[in-house]
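K.L.:
First the structure, then my questions, so here it is.
Derivation of every value follows stated rules applied to the coordinates shown; laboratory data play no part. Remember, predicted model here, so these are calculated numbers, not experimental data. Virtual Cβ from ideal backbone geometry, glycine too; neighbours counted across all protein chains shown.
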Amino acid sequence: MSPTNPTSPAMSQKVGDDALQAKTGKNWEEWFAVLDQAGAASMSHSEIAQHLYGELGVDGWWSQMVTVGYEQARGRREKHQKPDGYEVSVSKTVGVPVDALFAAWQDDAVRNRWLQEPGLTVRRATPGKSMRITWPDQTSVTVNFYAKGEGKSQVAAQHGKLPDAEAAARMKAWWAKALARLQSALQA
């Protein structure tokens, strides 16, 4: 299937036909045909997922993946769209231990130098693991930290409850630049 084919999930799905076939017994095109035949075009997200899980025996995670892929392919859901808005993720691997990476987020003065976004509220922080943040516009940011070996770690920022696709695209680009500033500040 080509990326321009309207039934192709290639533009929005990270899971390819081979992986989907291996885990569910069908590729994207086959699942789309099964769901079209079942009347999924008029079902809610929950009804499609339940049909896949309950009636067709698809594992819970895979039933959600197929449901989202179907909704995107049929124009019922845009890339990054979730039930409560839009969500984007950006990650960066940095040449510092995970504790140093976490500290660059935890310390307000250090964070303000590279993040350049005053007015956020850290709701919850688990040292070296994660942070839950309320952004100044009341959207939600989850930050996860991963050790990647000695002197190397990764940060993944997930920004959710964004109002539309335009805001999602804007914030994805913004976070890529912010994490690049973080990397430069820590590896200087």
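K.L.:
Rounding to the nearest 20 debye, state how big the charge dipole of region 82-186 is about its Cα centre with +1 on each Lys and Arg Cβ and -1 on each Asp and Glu Cβ.
P.N.:
Dipole of region 82-186, to the nearest 20 debye: 180 debye.
K.L.:
Can I ask one more? Angle, helix 28-37 long axis vs. longest principal axis of the chain, Cα atoms, 0 to 90°, nearest 10?
P.N.:
Tilt of helix 28-37: around 50 degrees.
K.L.:
So if R0 is 25 Å, what FRET efficiency would ASP99 and ALA188 give, r being the distance between their Cβ atoms, rounded to the nearest 0.05?
P.N.:
Working: r = 18 Å, r/R0 = 0.71.
Between ASP99 and ALA188 the formula returns 0.90.
K.L.:
So which residue, out of SER46, SER89, SER140, gets the largest mean-square fluctuation from a GNM of the chain using Cα contacts under 10 Å as springs?
P.N.:
Its mean-square fluctuation being the largest, the pick is SER46.
K.L.:
Output the pairs from LYS92/LYS172; LYS79/LYS152; LYS23/LYS129; LYS79/LYS177; LYS23/LYS161; LYS92/LYS148 with a Cα-Cα distance over 23 Å in this structure; if there are none, say none. Write out the running numbers ahead of the final one.
P.N.:
Numbers: LYS92/LYS172 13 Å; LYS79/LYS152 31 Å; LYS23/LYS129 30 Å; LYS79/LYS177 21 Å; LYS23/LYS161 30 Å; LYS92/LYS148 11 Å.
Those over the limit are LYS79/LYS152; LYS23/LYS129; LYS23/LYS161.
K.L.:
Length gain on complete extension for the stretch VAL110 to LYS152, per 0.36 nm per residue less the alpha carbon to alpha carbon distance?
P.N.:
Here the segment from VAL110 to LYS152 would lengthen by 13.2 nm.
K.L.:
Please list, ordered by chain and number, the residues whose modelled amide H lies under 5 Å from the amide H of TYR86; skip anything fewer than 5 residues away on the same chain.
P.N.:
It is LYS161, LEU162, ASP164, by chain and number.
K.L.:
What ³J(HN,Hα) values, in whole Hz, does the Karplus curve 6.51 cos²θ - 1.76 cosθ + 1.60 give for region 39-45 when θ = phi - 60°, with x put for Gly and Pro?
P.N.:
Values, residue by residue: x, 5, 4, 10, 8, 6, 4 Hz.
K.L.:
Now a separate question. Taking the chain as the reference, fit the longest principal axis to its C-alpha atoms, fit the long axis of helix 60-73 to the helix C-alpha atoms, and give the angle between the two in degrees, 0 to 90, nearest 10.
P.N.:
80 degrees
K.L.:
Rank MET43, MET131, MET171 by mean-square fluctuation in a GNM of the chain with C-alpha springs under 10 angstrom and give only the top-ranked residue.
P.N.:
MET43
K.L.:
Next question. Figure the gain on full extension for LYS129 and VAL15 (residue separation times 0.36 nm, minus the Cα-Cα span) and round it to one decimal in nm.
P.N.:
Extra length available between LYS129 and VAL15 comes to 38.4 nm.
K.L.:
What residues have an amide H closer than 5 Å to that of LYS79, excluding those fewer than 5 places away on the same chain, when H is modeled at 1.01 Å from N in the peptide plane?
P.N.:
none
K.L.:
Could you give each residue of region 20-27 its phi-based ³J(HN,Hα) in whole Hz, using Karplus coefficients 6.51, -1.76, 1.60 with θ = phi - 60°, and x for Gly or Pro?
P.N.:
Once rounded to whole Hz, the list reads 4, 4, 5, 8, 10, x, 9, 8.
K.L.:
Among GLN158, GLN50, GLN81, whose mean-square fluctuation peaks in a Gaussian network model of the chain (Cα, cutoff 10 Å)?
P.N.:
GLN50
K.L.:
From the phi angles alone, apply the Karplus equation (6.51, -1.76, 1.60; θ = phi - 60°) to region 171-188 and give each ³J(HN,Hα) in whole Hz, x where the residue is Gly or Pro.
P.N.:
Using θ = phi - 60°, the values come out as 6, 4, 5, 4, 5, 4, 5, 4, 6, 5, 5, 4, 4, 4, 5, 7, 9, 5 Hz.
K.L.:
What size of dipole, in debye to the nearest 20, comes out for the chain about its Cα centre when the only charges are +1 on Lys and Arg C-beta atoms and -1 on Asp and Glu C-beta atoms?
P.N.:
Working: 22 positive and 20 negative charges, 157 e Å.
Using Cβ point charges on Lys, Arg, Asp and Glu, the chain gives about 760 debye.
K.L.:
How long is the gain from LYS79 to SER91 if the chain were fully straight, where each residue apart is worth 0.36 nm and the alpha carbon distance is subtracted?
P.N.:
Result for the pair: 2.5 nm of gain on full extension.
K.L.:
Just need the relative contact order of region 82-186 here, percent rounded to a whole number, with Cα pairs under 8 Å and 6+ apart. All intermediate terms of the calculation are to be shown ahead of the outcome.
P.N.:
Values: 189 pairs, mean separation 41.4, N = 105.
RCO, region 82-186: 39 percent.
K.L.:
Further, regarding this structure: Give the distance, in whole Å, between the Cα centre of region 130-188 and the Cα centre of region 22-51.
P.N.:
Result: 33 Å between the Cα centres.
K.L.:
Could you check how many percent of all C-alpha pairs in the chain are farther apart than 22 Å?
P.N.:
55 percent
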